[in-house]
Amino acid sequence: MALIQPNMSMSEVVEENTSLIPVINRLGIRLGLQDKTVREVCEDHQIDTDFLLIIINTFLNEEYFPEKRLQAFHVSQIIDYLNKTNQYYLRFQIPNIAKHLDLFITHSESNNATLNLIGKFFQSFKEHLTEQIKKDESEWFPYCLQLSGQLQKSISFNQEEIRSFSDQETNDDSLEAVLADLKSIMIKHLSGDFNENLCYAVIFAVNSLEKDIKQHNRIRYRILSPIVHKMELLIKTR
Amino acid sequence: MARNKQIAIILADMLQFYGLDCLLKEYFSPLQISYFPNMQALAEKQPDWFDFYFTDAETFLIHGDYFLPRRNKTIVLVDKVETSGTANNLISTRSSIETMIEQIEQVLLAENTNNVVETNNKDLSGREINVLQQIVRGHTNKEIAEHLNISLNTVLTHRKNITAKLGIKTVSGLTFYAIMNGLISGDEIEL
């Protein structure tokens, strides 16, 4: 897919790629884009155009991930985006799936026990995600920001505190994988009577969250973690 | 599981290779594609490892002794307008993408029919069900091996097969599947 450029019309970009709507929304850009270019929209919202472009281009293209350029952004900028993403999950995407799932369960044959189980399965995913987001807010993000702040002011850092946190990708039951399984269970293993249309609505919502989390994790593990690691090394060798 | 088809592309023209590569990946995945700028590079690899070869007319002619015995597996790109009744394995680089896809499809999928048989049995075997029940109860691979009196490697193989058959990777997903299919009772486990 062609990369989005600053002089393109934002409304055309979004028309072509409606999956970007949640991404621009969380950055404070609302629909009603008129004829403004990507750069103009960014200026209106005081968003760094380069940053926005990298975010939307990596979101759209799995093969596109300019690590070096992303790592050159300030930690606070990256964390700000991850934070907004987290909030967006909590406030919109999760409730959206929950809403459709509820409808799906109540509008389908009442004695279909598998549907209630799907509800439970999603519930456990939701708890998982909420827990991770809380940890981000209370521990991981503040730690990253603290490191970067100390480095800037060249205050000596208490060596003991370094590496007390780490954010490792876990392979087994990653959030992404659980969502993929939820989708696959619905597609492959559903049985009994159910409302097809609402089923699709749930799968659609799950799919878009899965894609979003994949992108979030890419930034998290391939950009933020290496930057933090480098900062830790810098502080240690000072 | 069947191994992915191995494709060798022998083309000096990098752009041509890239175009072909995109086309193949987009329409015929999963494939394993290897690129060789010339025949010498191909000769360094095990040349008979490949299921199909893509090359240009010039290379095909010069290395006829190599390609002729493999001509059913070779697709030759020719730079001329397509004429009706051309041989199956000739693709005109000037024809439409639609036509090319159709031609490639004919060659690549021709022998596919006898490939389907192996992954027929999607039901879990008795042993796999035992392993699944153990996983869902939260046991580690080592514990499962001890409980079922099998080796750790066997446990791993079973796990791999379970995931392949069900299309479910995570423990939460497997738990859900087990409850849904009555392999374990819901009271036994916290979801």
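The values are calculated or read from the model by the stated rules, or taken from the named source; none is laboratory data. All values reported here derive from a predicted model rather than from experimental measurement. As a convention, Cβ positions derive from the backbone with ideal geometry for all residues, glycine included, and neighbour counts pool all protein chains shown. SASA here: full protein model, heavy atoms, side chains in, ligands and nucleic acids out. Shrake-Rupley method; radii C 1.70, N 1.55, O 1.52, S 1.80 Å.
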Discussion item. As a test of understanding, state the convex hull volume per residue of chain A from its alpha carbons, in Å³.
Written reply: 141
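Compute the accessible area per residue over the range A:1-83, keeping the other protein chains in place, probe 1.4 Å, unit Å². Spell out each step's value before the answer.
Working: 4450 Å² over 83 residues.
Value returned for the range A:1-83: 54 Å² of accessible area per residue.
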Discussion item. Please compute the per residue accessible area over the range B:5-113 with all protein chains in place, 1.4 Å probe, rounded to a whole number of Å².
Written reply: 59
Discussion item. What's the total accessible area buried between chains B and A, using a 1.4 Å probe, rounded to the nearest 100 Å²?
Written reply: 1400
Worksheet entry | Vicinal HN-Hα couplings computed from phi for the range B:54-68 (Karplus, 6.51 cos²θ - 1.76 cosθ + 1.60; Hz; Gly/Pro x) | 10, 8, 9, 4, 4, 4, 4, 5, 4, 9, x, 4, 7, 7, 4
Worksheet item: Per residue Cα convex hull volume for the protein assembly as shown, in cubic angstrom?
Response: 233
Worksheet item: So for the pair A:S9, B:Q40, with labels modelled 7 Å out along Cα→Cβ, what separation do we get in nm?
Response: 5.4
Worksheet item: Label points 7 Å out from Cα along the Cβ direction at A:N61 and B:L90: separation in nm?
Response: 3.7
Worksheet item: Using θ = phi - 60° and the Karplus curve 6.51 cos²θ - 1.76 cosθ + 1.60, what whole-Hz ³J(HN,Hα) does each residue of the range A:125-135 get, with Gly and Pro shown as x?
Response: 4, 4, 4, 4, 5, 4, 4, 4, 5, 4, 5
Discussion item. If the elastic network links every pair of Cα atoms under 10 Å, which of A:Y81, A:Y89, A:Y221 fluctuates the most in the Gaussian network model of chain A?
Written reply: A:Y221
Worksheet entry | Within the protein assembly as shown, helix-based [θ] at 222 nm, where runs of 4 or more DSSP H residues each add -39,500 (n - 2.57), nearest 500 | -17000 deg cm²/dmol
Worksheet entry | Other-chain or far-sequence residues with amide H under 5 Å of A:S108's (modelled H) | A:N195
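Using alpha carbon coordinates only, what is the Rg to Rh ratio of the range B:117-188, with Rh defined as the Kirkwood radius? Let's see the in-between values first.
Details: Rg = 11.8 Å, Rh = 12.4 Å.
Rg divided by Rh gives 0.95.
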Item to complete: Name the long-range amide H neighbours of B:S92: under 5 Å, sequence gap of 5 or more, or other chain; modelled H, no Pro or chain starts.
Response: B:V78
Worksheet entry | Kirkwood Rh and Cα Rg combined as Rg over Rh, evaluated for chain B | 1.18
Practice prompt. Read phi for every residue in the range A:71-81 and hand back ³J(HN,Hα) as whole Hz from Karplus 6.51 cos²θ - 1.76 cosθ + 1.60, θ = phi - 60°, with x for Gly and Pro.
Written response: 5, 7, 6, 6, 3, 5, 5, 5, 5, 4, 5
Worksheet item: In the range A:100-117, which residues give up 40 Å² or more of accessible area once the other protein chains are added, compared with their chain alone (1.4 Å probe)?
Response: A:L117
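To two decimal places, what compactness ratio does the range A:171-238 give when its Cα radius of gyration is scaled by 2.2 N^0.38 Å? Numbers along the way, then the final one.
Working: Rg = 18.6 Å, N = 68, 2.2 N^0.38 = 10.9 Å.
Against the compact-globule rule of thumb, the ratio is 1.70.
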Worksheet item: Given H placed on each backbone N at 1.01 Å, which residues far from B:D56 in sequence or on other chains put an amide H within less than 5 Å of it?
Response: B:L77
Worksheet item: What part of the accessible area of the range B:5-113, given as a whole %, is carbon or sulfur when the probe is 1.4 angstrom?
Response: 53
Item to complete: Report the residue, chosen from A:G149, A:G192, A:G28, that carries the largest GNM mean-square fluctuation when chain A is represented by alpha-carbon nodes joined by springs under 10 Å.
Response: A:G192
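Taking only protein heavy atoms into account and a 1.4 Å probe, give the accessible area per residue of the range B:117-188 in Å². Spell out each step's value before the answer.
Working: 3880 Å² over 72 residues.
Heavy-atom accessible area per residue stands at 54 Å².
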Worksheet item: Can you give the three extents of the C-alpha atoms in the range B:5-113 along their principal axes, from longest to shortest, in whole Å?
Response: 35, 29, 28
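Once you list every other residue whose beta carbon is under 13 Å from the beta carbon of A:I105, what net charge do they have if Lys and Arg are +1 and Asp and Glu are -1? It would help to have the intermediate numbers written out before the result.
On the way: positive: A:K99, A:K120; negative: A:D102, A:E109, A:D193.
After counting each charged neighbour, the total is -1.
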Discussion item. Running a GNM on chain A with Cα contacts under 10 Å, which residue among A:N83, A:N116, A:N217 ends up with the highest mean-square fluctuation?
Written reply: A:N116
